[in-house]
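Student: I have a structure here, written as structure tokens, and I will follow up with some questions on it.
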Amino acid sequence: MKRRLQALSVLLLLGLVKLPVEQTATATLREARLLTAMPDFGLRDQLGQMSFAAALGGLRSLVASFTYLRAYNAWENVNWAMVDSLFQITTRLQPRYEHYWDEAAWHMAYNAASYYLNDETLNPAVRGKLFHEHIRRGHDILQEGLRVLPEDPRLWNSLAELYERRTYEPARAAECYLKVAEFTGNARFLRFAGYQFAQSADRAFWQRGYDLLRAAYDKNQRPPTLINTLKDLEKKLEVPAERRIPESYVPVPSGAAVPG
Amino acid sequence: MTSYRAFSPARIWTLATATVTQLLRMKILIFLLAFCALVVAAGFAFPVLNPEQQLKLLKDVSFGALQVFSLVIAIVATALLLPRDLEDRTLYTILSKPVPRHEYLLGKLLGVLLLIGAGLLLMDLAFSAVLWLREKLLLAQIIQALEAKTPEAVAQLQEIVGKQGLNWGLHLGVLAVFWKAAVVAALALMISCFASSTLFTVVVTFCVVIIGHGQGLIREYFLQGGTLAEPVKKLLSALLAIVTPDLGVFDVVDNVINGEAVGLGAALAMSGTALLYLTGYAVVSHLLFVEKEL
Amino acid sequence: MSTAPEPTPAVAVENLSKVFKAGLGKRAFVAVRDLSLTVREGEVYGLIGPNGCGKSTTMKTVLGLLAPTRGRTAIFGRSSTEVASRQAVGFLPENPYFYKHLNGLETLLFYGRLCGLAGAELRDRAREMLSLTGLEDAADRRVAGYSKGMLQRLGLAQALLHRPRLVVLDEPTAGVDPAGSRKIRDLILGFREQGLTVLVTSHLLEQMQEVCDRVGIMAHGRMMREGRVDELIAVENQTELVLRDASPELLAGIRELVERDGRAALVRSGQPRTTLESLFLEATEEKP
Ligand SMILES: Nc1ncnc2c1ncn2[C@@H]1O[C@H](COP(=O)(O)OP(=O)(O)O)[C@@H](O)[C@H]1O
Ligand SMILES: [Mg+2]
């Protein structure tokens, strides 16, 4: 009996000692991005889903793979609601895997949206509504993903493309391309941002686009689109003639070529 | 007659290797073969998926099997050890030799850990080989399909595929799986020191393992949920957080599969936590076992 | 019997009581009550008594497998609670059983390593024990296929492996066929010649009679009788006349008749002696 009491007290003591150790270890591993703090996705999924995901332990990734395969199946059967809900589970299970967010959004904003737009059996008003709703859904998925992975260039790029090609919001697309450039360090995306700013309706954005493209030009990045856009912006912004780029095509000095 | 020593690593080793043989002769190797078949199947199934997903699925299935293997052995094998020795009265002959009881316990625990460790190592090797092969094949396929010829383009593809391919982080992921299994084994041994049956040990350990995976949530609720409005809930969560281990600490696998590197700090954090649990449970086991009536 | 101060006894049990606590609601069970016994170095001591009288419990307490509720036990002066007390002891438990997955030789090697033996010395010793117990032919067979008698002999081999000074044998002949039982008794007689101390239990009396120097008879957890076997039992080529209210004249007449017979001789007269068997039945039927 005495030994049992000793055992119990050691167990409780261990319990108290381990709490700060567990906190520290969890913090360290979260910082190393090896553990994921359960992201707060809003009131819908609270403790229930969180503890479900926790209980799966290290099998989350495997289960996510299975739900992903099922989503793939649902896509083949053109069951968009199913695709959406299965991807929702998949992304909850493994929120740090960018590919799931990206593909989920792509299915909604492109595949599902276009499917409804082209569905002859629906009346045009419904088709338009469903088209926009699914683009919106894709947009929301990317936003959610970016809350978990705020520095993920792939998701920023997808969001930029969605603004550019689906909702036609060039200024927003430009901001997203700037993020991509920031997180990849690839100058090409600065130019993409510049093109999008150039297409917006606001003079202030034109100026930002001009600055970006001019800077690229000065670094000898001179593909034809850049030159054309830059000339266009010079006109719109009424840049004084002496500061404009030369009218004729300027060959790029050899050795400084950057494709794109 | 040789002179008696109070602590003898040789005796512990003898007990540990006997435990390993005991478990091995329970045909545990079959499981390893099944694992290899599964890995190969997962490596080449679902060719419709994109290459990144194919590699991920291969890793998911392999790590899933690794974890199931290690946890099942940790719970079931450990739960069997003490009751079986007691039932067969082999415990009488062992403990009537000059073998301190804590050495007996350490030997048993070490035996289970050796078996899990060796099993995981073999599975890691098999899985690494398949993953490496699959990665190379997929890369060749993509390069051919995209007709990538410039060294830069090839390097870029290599980087994309490589992120899902074989890397050191994966082996450290296996280490995390091992630590979790080790903690669970120590827990099962501790429970079997006072349990009345194997089934009881298995069921209780299994419950603690389930709760242990959510211990992080419970602990954070208790440490941070500042309101004193629900004292009962608070007390309950405190109690659960104290008596169960945080097994979630070792659940780095899904991020490791995703290509995150395991740094030295992370490896130390996991190992340190695991060793704390192991020591604690070993001490409690000893206290429960040292005067146990056989 | 000498009256010189006793050297450290091989086994000392002093006022041992062992109570098994039962589950909730059930009465605790007293398996051994206030038992004392001493086994001197070099003697063969038999603890006999019916099943369930507490023999095994006493042995397990001596070996530190059970903790005494009251009293103490010691081996060569060392308390049974010390692990070191077990280094000079070999124990054959009741119905021994070994790891099924090992063969005979592997089993002995395993126990030998636990006793600190190693290498060639251990192998030689293990082989020696196998031949001593007649198990050489079964050395490579898995223990799972051993018969009861073989397990018993393997248990003996295991107990003797590390050259203990004391062997504790719990029911070594139980469930073994007569030939096997004979062999085990011969081994015990061999131990006595080698100067080993033996503490052996049995519920079979005539078997103990020929190997034990001293016996203790237990019943209901108590020691009922204890003493040298030849003091406790009568010799078989003697006939006893047990008379009630015999007058001195009658006794004198009987003596006269015996003398006249020429062949028979009166060895002694006095209080009657009993056989171990009747002593046993008598002792164990006494209510505690
Ligand atoms: N662990 C135990 N728990 C409860 N009762 C026990 C235990 N071990 C033995 N007993 C009881 O103690 C009594 C003595 O048992 P034992 O010493 O094995 O007798 P034996 O003289 O036949 O060897 C028996 O009635 C047995 O039922
Ligand atoms: Mg008995």
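Student: Which cross-chain or sequence-distant (5 or more) residues have an amide H under 5 Å from the amide H of C:Gly71, H modelled 1.01 Å from N in plane?
Tutor: Amide H neighbours of C:Gly71: C:Ser17.
Student: I've got another one for you. Give the long-range amide H neighbours of C:Arg222: residues separated by 5 or more places, or on another chain, with amide H under 5 Å away, using H modelled in the peptide plane at 1.01 Å from N.
Tutor: So C:Arg222 has HN proximity to C:Arg33.
Student: With a 10 Å Cβ neighbour count serving as the proxy for reagent exposure, in which order, fewest first, do A:Tyr163, A:Tyr168, C:Tyr111, A:Tyr72 appear?
Tutor: Taking fewest neighbouring Cβ atoms as first place, the list is A:Tyr168, A:Tyr72, A:Tyr163, C:Tyr111.
Student: In addition: Among DSSP bridges having both ends in chain C, what percentage is antiparallel? Round to the nearest 5.
Tutor: The antiparallel proportion sits near 55 percent.
Student: How big is the gap, in Å, between the Cα center of region C:172-228 and the Cα center of region B:26-40?
Tutor: 52 Å
Student: Eight or more residues apart or on different chains, and alpha-carbon atoms under 29 Å: count the Lys pairs in chain A matching that.
Tutor: Eligible lysine pairs with Cα atoms under 29 Å apart amount to 8.
Student: Starting from the amide H of C:Leu169, placed 1.01 Å from N in the peptide plane, find each other amide H under 5 Å away whose residue is 5 or more places distant or on another chain.
Tutor: Residues meeting the amide H criterion: C:Leu92, C:Leu199, C:Val200, C:Thr201.
Student: To test your reading of the geometry: what angle, between 0 and 90 degrees and rounded to tens, separates the Cα axis of helix C:104-114 from the longest principal axis of chain C?
Tutor: 80 degrees
Student: Something else about it: Sticking with the crude label model, points 7 Å out along Cα→Cβ, report the distance from A:Asn79 to C:Arg123 in nm, one decimal please.
Tutor: For A:Asn79 paired with C:Arg123, the spin-label model returns 6.7 nm.
Student: Using the Cβ atoms and a cut-off under 12 Å, what net charge is assigned to the surroundings of C:Asp34, where Lys and Arg are +1 and Asp and Glu are -1?
Tutor: Surrounding charge for C:Asp34 is +3.
Student: Let's test the formula: R0 of 41 Å, r as the Cβ-Cβ distance of C:Ala252 and C:Thr81. What FRET efficiency results, to the nearest 0.05?
Tutor: Given R0 = 41 Å and the Cβ-Cβ separation, E is 0.10.
Student: If one takes the longest principal axis of the Cα atoms in chain C, at what angle in degrees, from 0 to 90 and to the nearest 10, does the Cα axis of helix C:119-132 lie?
Tutor: Approximately 40 degrees, to the nearest 10.
Student: Alpha carbon centre of region B:251-273 versus region A:137-215: separation in Å?
Tutor: Region B:251-273 and region A:137-215 have Cα centres spaced 33 Å from each other.
Student: Also, I was wondering about something else. For region B:109-137, list residues with backbone N below 16 Å from a point placed 7 Å from the Cα of B:Val154 toward its Cβ?
Tutor: Answer for this model: B:136-137.
Student: Could you list A:Lys129, B:Lys27 so that the one with the fewest beta carbons within 10 Å of its beta carbon is first and the one with the most is last?
Tutor: Final ranking by Cβ density, sparse to dense: B:Lys27, A:Lys129.
Student: Shape call for chain C from the C-alpha gyration tensor, a ≥ b ≥ c root eigenvalues: rounded (a/c under 1.5), prolate (a/b greater than b/c) or oblate?
Tutor: Verdict is prolate for chain C.
Student: How would region A:51-199 be classified by its alpha-carbon gyration tensor: rounded, prolate or oblate, with rounded meaning a/c under 1.5 and the a/b versus b/c comparison settling the rest?
Tutor: Cα axes put region A:51-199 in the oblate bin.
Student: Please compute the average number of Cβ atoms from other chains found within 10 Å of each residue's Cβ in peptide B:5-17.
Tutor: 2
Student: Moving on to the next point. Can you tell me, using C-alpha contacts under 8 Å and at least 6 residues apart, the relative contact order of region C:11-234 as a whole percent?
Tutor: Over region C:11-234, the number comes to 29 percent.
Student: Still on this model: Which ³J(HN,Hα) values, rounded to whole Hz and listed in residue order, are derived for region A:225-234 from phi using the Karplus coefficients 6.51, -1.76 and 1.60 in 6.51 cos²θ - 1.76 cosθ + 1.60 with θ = phi - 60°, glycine and proline given as x?
Tutor: Once rounded to whole Hz, the list reads 4, 5, 5, 4, 5, 4, 4, 4, 5, 4.
Student: While we're here: Quick one: what are the phi-derived ³J(HN,Hα) couplings along region C:219-230, Karplus 6.51/-1.76/1.60 with θ = phi - 60°, whole Hz, x for glycine and proline?
Tutor: Calculated HN-Hα couplings, in order: 8, 6, x, 10, 7, 9, 9, 8, x, 5, 4, 5 Hz.
Student: What angle, in degrees between 0 and 90 and rounded to the nearest 10, separates the Cα long axis of helix C:178-194 from the longest principal axis of the Cα atoms of chain C?
Tutor: Roughly 90 degrees, rounded to the nearest 10.
Student: Compare B:Gly248, B:Gly165, B:Gly117 in a GNM of chain B, Cα atoms joined below 10 Å, and give the one with the largest fluctuation.
Tutor: Of B:Gly248, B:Gly165, B:Gly117, the Gaussian network model singles out B:Gly248 as fluctuating most.
Student: Okay, moving on. In whole angstrom, note down how far apart the Cα centers of region C:48-111 and region C:244-261 are.
Tutor: About 54 Å separates the Cα centre of region C:48-111 from the one of region C:244-261.
Student: Suppose R0 equals 56 Å. What FRET efficiency, 1/(1 + (r/R0)^6) with r the Cβ-Cβ distance, do A:Arg165 and A:Leu13 give to the nearest 0.05?
Tutor: So, using R0 = 56 Å, E works out to roughly 0.35.
Student: Using label points projected 7 Å from each Cα along Cα→Cβ, tell me how many nm separate A:Arg30 and C:Gln194, to one decimal.
Tutor: If labels sit at A:Arg30 and C:Gln194, their model points lie 6.7 nm apart.
Student: Could you give the length gained on full extension between B:Lys163 and B:Leu239, defined as 0.36 nm per residue of separation minus the Cα-Cα distance, in nm?
Tutor: Working it through step by step, the gained length comes to 23.2 nm.
Student: Applying 1/(1 + (r/R0)^6) with R0 = 30 Å to the Cβ-Cβ distance of B:Asn50 and B:Ala129, what FRET efficiency is obtained, to the nearest 0.05?
Tutor: With a Förster radius of 30 Å, E is 0.85.
Student: When a/c is below 1.5 the answer is rounded, else prolate if a/b is larger than b/c, else oblate, so apply that to chain A with a ≥ b ≥ c taken from the square roots of the Cα gyration tensor eigenvalues.
Tutor: Note, shape of chain A comes out oblate.
Student: On a full-extension model of 0.36 nm per residue, what is the gain between C:Val19 and C:Arg260, subtracting their alpha-carbon distance, rounded to one decimal in nm?
Tutor: 80.7 nm
Student: Can you list which of the DSSP-assigned H helices in chain B have a Cα extent of 15 Å or more along the long axis and an average Kyte-Doolittle score of at least 1.6?
Tutor: Values: long enough: B:9-24 (22 Å, 0.76); B:29-44 (23 Å, 2.86); B:51-72 (31 Å, 0.46); B:101-146 (65 Å, 1.26); B:151-164 (20 Å, -0.22); B:168-192 (36 Å, 1.81); B:198-224 (38 Å, 1.26); B:231-243 (18 Å, 1.65); B:264-289 (36 Å, 1.49).
Those that clear 15 Å and a mean of 1.6 are B:29-44, B:168-192, B:231-243.
Student: Restricting the count to DSSP beta bridges whose residues both fall in the protein assembly as shown, what percent are antiparallel, rounded to a multiple of 5?
Tutor: Approximately 55 percent, going by the DSSP bridge assignments.
Student: Within region B:9-290, how many lysine pairs that are 8 or more places apart, or on different chains, have C-alpha atoms less than 19 Å apart?
Tutor: Close lysine pairs under the 19 Å cut-off: 10.
Student: Along Cα→Cβ, 7 Å out, is where each label goes; now give me the distance between the ones at B:Val290 and A:Ala215 in nm to one decimal.
Tutor: So the label points at B:Val290 and A:Ala215 sit 7.0 nm apart.
Student: Across region C:11-234, how many lysine pairs separated by 8 or more positions, or lying on different chains, have Cα atoms within less than 30 Å?
Tutor: Close lysine pairs under the 30 Å cut-off: 17.
The numbers here are math on the coordinates, done by the rules we state, and not lab data. Note that the structure is predicted; figures quoted are calculated from it, not measured. Neighbour counts are summed over all protein chains in view; Cβ atoms, including those assigned to glycine, are modelled from backbone coordinates with ideal geometry.
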